1. Looking at (1) assigned to a helix (DSSP H, G or I); (2) within 13 Å of chain A (Cβ to nearest Cβ); (3) free of Cβ contacts under 8 Å to residues at least 12 places away in the same chain, can you tell me which one residue C:118 breaks?
2. Listed residues A:15, A:31; which is away from chain B (no Cβ under 14 Å), closer than 22 Å to residue A:195 by Cβ, under 19 Å from the mean Cα position of the chain (by Cα) and modelled with pLDDT of 90 or more?
3. Are any residues in the stretch C:255-306 modelled with pLDDT under 85, assigned to a strand (DSSP E or B) and surrounded by fewer than 14 Cβ atoms within 10 Å (Cβ to Cβ), and if so, which ones?
4. When only residues in the stretch C:65-105 that are within 12 Å of chain A (Cβ to nearest Cβ) and among the basic types (Lys, Arg) count, which is nearest to residue C:203 (Cα to Cα)?
5. Inspect all residues belonging to the stretch A:198-218 and state whether any of them is more than 30 Å from residue C:86 (Cα to Cα), of a type in the set (Lys, Arg) and within 14 Å of chain B (Cβ to nearest Cβ).
6. Taking interchain pairs and intrachain pairs at least six residues apart, which have beta carbon atoms under 9 angstrom, with the first residue in the stretch B:161-176 and over 18 Å from residue A:68 (Cβ atoms) and the second among the acidic types (Asp, Glu)?
7. Quick one: in the stretch A:176-191, of everything that is in contact with a Gly (Cβ under 7 Å, 6 or more places away or on another chain) and at pLDDT 90 or above, which residue is surrounded by the fewest Cβ atoms within 10 Å (Cβ to Cβ)?
8. Taking into account only those residues within the stretch A:1-29 that are among the β-branched types (Val, Ile, Thr) and more than 25 Å from residue A:186 (Cβ to Cβ), which is surrounded by the fewest Cβ atoms within 10 Å (Cβ to Cβ)?
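The values are calculated or read from the model by the stated rules, or taken from the named source; none is laboratory data. Because the structure is a prediction, the values reported are computed rather than measured. Heads up, the Cβs are rebuilt from the backbone with ideal geometry, glycines too, and the neighbour counts pull from every protein chain shown.
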Amino acid sequence: MSWQALALSVKLAVIVSAVLFVVGMPIAYWIASSRWRWKFLVEAVVALPLVLPPTVLGFYLLVAMGPRSPLGRLWLRAFGHTLSFTFEGLVVASLLYSLPFAVQPFAAAFRSVDRQLVNASATLGVSRLRTFARVIVPLSYAGIITGLVLSFAHTLGEFGVVLMVGGNIPGVTRTVSIDIYDQVQSLNYAVANQTALVLLAISFITLSVVYAVNRKVWVL
Amino acid sequence: MKNVRLGSLFLLVLLLAKSAPAGEITVAAASDLTFALTEIAHGYEQKSGNRVKLAFGSSGNFFAQIQNGATFDVFFSADVEYPRKLAASGLAAAPTLWVYGTGRIVLWAPADSPLDLGKLGMKALLDPSVQKIAIANPAHAPYGRAAVAALQSFKLYDQVRDKLVLGENISQAAQFVASGNAQLGILALSLAVAPTLKGKGAYWEIPTDSYPPLEQAAVIPTAATDKSLARAFLDYVRTPEAQAILRQSGFQPPPEKP
Amino acid sequence: MGADGDAEAPAGKHALSAHIQKCFPGGFELAAELEAAAGITILFGRSGSGKTTILSCVAGLLAPDAGRIAVGSRVLFDREQRLDVPVVRRNVGYVFQDLALFPHLTAEQNVAYGLGRLAARERRRQAQAMLEQFRIAHLAGRKPAELSGGERQRVALARSLVIEPQVLLLDEPLAALDLPTQSQLFADLRRWNREHQIPILYVTHSQREVFALGERVVVLDAGKVLAQGTPQQVLRAPLQETVAQLAGFENIFDARVIALHPAHGTMTCRLEGSSVELEVPLAKAVAGEAARIAVNAGDILLAVECPRGLSARNVLAGRLVGLEQEGITVHARIDCGVVFQVKLTPTARESLALAVGREVWLVIKTYSCHLLEPEPG
């Protein structure tokens, strides 16, 4: 039972969810309210990780992070090493991979807020940003929570992308899903089962708590 | 009248002969055999008219799958232990076990690496420019275990341990170092001489006395769907043409039977 | 004859003036010009006539294709000058048709919403004062879902008025309320209006509201202003057929001028397709000219005996051919050669023992007959 791998996975999931909250909300707000005619392109790009096999995404990330790509070289020059095989690399990979799981529920929730409420707020002299904070966000709690939970759960269970760019370094990039896989590969089924059950229990408890807390919905 | 009858009978026989179903087998093979076996299978298909479906991956994976009922017709492992375990547990026919060759590990650096492997040999691993070293996961890949054994016999393991990144299989290890994300890798010779990596980098053969021999064996699982066709394929692999391909691909010939 | 367009209320320095032109993809074109001084100006018209569009343009939620909108000397929109003050800075209060109350905030929080610039204590004080003015202070802590229709209306009004707007826009605010609640809100609004004197644009399609509330009414149809004036001017004596129809004149007939009586101030017209003749007020016409006459169904008297000694010039004999009760109104149809529609009370019907087939007499005053102008263009 590798508690280290479990802790690493939880840490990754928490950090990625937090970053997606900060980054995903403005993107979702733009998608929900913009009327730019090429908006559909942005929506397609955001949704890509939903349909891309994780190994494909992982492969392109590996190449992008390598010293031969312009992005990789930039990072190398700034930090002295590439992004691959690091925890930060996993965070970046997971951000891209879980992006639609945060942005789409956020955007759907924002869109479903009655337009007249936004208009009313404007006529009362409240700026767009403050309208977002005081009207749109409170009325979108359910969607926001859903987005956060989905990002968390999705990152916790991530395998393909981590496999491609992680390098399986214990304590750094050996997440619990990689660990379970390793145990199975080494025919240690009992250990694998143990770890898997713990992961299942943690995920279930987290989701239950969030959905229980989120039972209230604004009516009218 | 008689001629027409004979003629149509002849045509019928011809048609039937043409549409006789071609045999097909599914072969599971370790990733380091990717190029060698693809060529060999192609040659076999041309000669026999049968079809060979190839699946490449890690030997440990295939071992587990066969244990759980996978119906591969032949299993080419990257070691000899997995086939032995299968035979011992009755999941493969012991007489069919055949060591088809021994593998070698090499130190590999991409073409743009400043390191001169020929001069440095294993010492290259200690160069400060080397931040990451890719090997296959020793927990379940024979080539990974061999890499670790070699590092230990050169007394470098503890020093480079923190720089190791583990590939799912030998191919992924190759991908890590070929993409430049790892500066050096310990790969299979068969991969280093394969057309895709050849010319992309340089390799140095690690002395064979630093790691236990990588005997690689094939076996026919009992769950195979077409055992006679499987045997026929294995026989083809024993032929000189197939052996030549194996040798070219970095596999040493199987040890002589005493 | 005809009074329209002259503003009896001088455009004060805070009057709203709006010239709006806007084309919509479906083909609808809005081209309206109106002036609204301090007080309640009713925008009256069918649904789809452009009333809500005008409100949206004044509020800044919609940009006209061309035109100018100003409150006093403060210009809110001017296409020529490329001026378009954003919604948040227009200081225009808008009570939407569905109120748009924030469901997650209490009544007090809703009212205080627009006061964000003030300190917390000042905000509460003003919000509470406003709630008291509209007599809903006891509901301060309730959410909109816990309020009745009338109470929600008041919260919406209070919310828009607490920010001291320069203009107030109301979109059919009383449509969904029952009569007693409506009357109460009328009273509250009039009271507030007396104290603050800002232009209030009040959109409705209900005649009753026009007469109950309006100081001025602007009649809108198919994107154009048909008439402006006091409710009496515009709706009691409609000049145009569309307005007449809108105002509910049920009897509109084609007629031909037969004789003019300048000494009496009247002229005789025969209704087309019959021998019925009506004496109507004198107009600039010549004998033989075609005309359209409108009579409000509520302006016609019914008698079961031939009446004598009346001042009315038009007494027509006919037969009752239709009788229907709708709520507290009885609609009767009488065939005098042309069919007239008459509105009666149920009491009248009972006391006269009316029944279909009965012989009756219609009495119509000269001044109840209105001559309509031919439709423009």
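1. Evaluating residue C:118 over (1) assigned to a helix (DSSP H, G or I); (2) within 13 Å of chain A (Cβ to nearest Cβ); (3) free of Cβ contacts under 8 Å to residues at least 12 places away in the same chain leaves (1) as the failure.
2. Values: A:31 fails: closer than 22 Å to residue A:195 by Cβ.
That would be A:15, the only listed residue that is away from chain B (no Cβ under 14 Å), closer than 22 Å to residue A:195 by Cβ, under 19 Å from the mean Cα position of the chain (by Cα) and modelled with pLDDT of 90 or more.
3. C:290
4. C:90
5. No, the stretch A:198-218 has no match at all.
6. Close Cβ pairs (under 9 Å, with a partner that is among the acidic types (Asp, Glu)) amount to B:166/A:182; B:169/B:32; B:170/B:32; B:171/B:32.
7. Ranking the candidates gives A:177 first.
8. Across the stretch A:1-29, the extreme among qualifying residues is A:22.
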